[in-house]
Amino acid sequence: MSFAGHGDDILVPDGACLFRPGDPSRVFLIVTSGTVRVEQTNAAGRTIVLYRVAAGSSCVLTTSGLLSGRPYSGYGYAEGPVQASSLPAERFRTLLSENAAFRDIVFKSVADRVGELTEVIDSLLLHRTDLRLARWLGRQPGDIVELTHPAIAQELGTAREVVSRGLKTFERKGWVRKGRGHIAILDAAALRRHSQSLTS
């Protein structure tokens, strides 16, 4: 986003909680470096990652709150140090109403994020966790996923034991190789084919 100069620069330390359910949206944050993980936790205490806000983008929960007055419904955590530009609500609304370029950027960011959330919902509708795990692994950008089993479970909104069983099955098939704190993807194409087995 090219409007970071309109806000006040802030630095958020690794692991800090930027917002939690019930908090009001008071500022519009444009991330300039680092990543914010946005997640939701249900009544049973199970957590799922909704999306991540990387440099140059903004959070749809924040935008929604500023426009509607509704409080946050999820959590936002800094993954590593995060630098951002913070626009107070009034400055955000002024830019939104008076600056067409800013308005276009904000609404495009919302549209992109809604697309991501649709994918999350689509994944959750796959009741078989092995298919969801295969889909998630098959979409990773590299051959090594440096996450623990509990962290992967959090990404998928399931239990660690379920992820461990799925990875063990995939390892027997030769699709992945488990390591300490990481997963090596050996056959991403097979994982993607498996993830589509209910819809093919």
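Annotations
- Residue in the stretch 99-106 that is assigned to a loop (DSSP other than H, G, I, E, B), open to solvent by less than 60 Å² (accessible area, probe 1.4 Å) and not polar (S, T, N, Q) present: no
- Strands (runs of 3 or more DSSP E) enclosed by the stretch 1-92 - at least 1 residues per element that are loosely packed, with under 14 Cβ neighbours inside 10 Å and at pLDDT 90 or above: 8-12, 17-19, 27-41, 75-88
- On inspection, Leu156 qualifies as touching a helix residue (DSSP H, G or I) at 6+ places or on another chain (Cβ under 7 Å) and touching a residue at least 60 places away in the same chain (Cβ under 8 Å).
- Flag if Arg113 is in a helix (DSSP H, G or I) and either hydrophobic (A, V, I, L, M, F, W, C) or surrounded by 19 or more Cβ atoms within 10 Å (Cβ to Cβ) (or both): yes
The values are calculated or read from the model by the stated rules, or taken from the named source; none is laboratory data. Everything numeric in this text was worked out from a predicted model, so none of it was measured. Quick reminder, even Gly has a Cβ in these numbers, built from the backbone with ideal geometry, and neighbours come from all protein chains shown. SASA here: full protein model, heavy atoms, side chains in, ligands and nucleic acids out. Shrake-Rupley method; radii C 1.70, N 1.55, O 1.52, S 1.80 Å.
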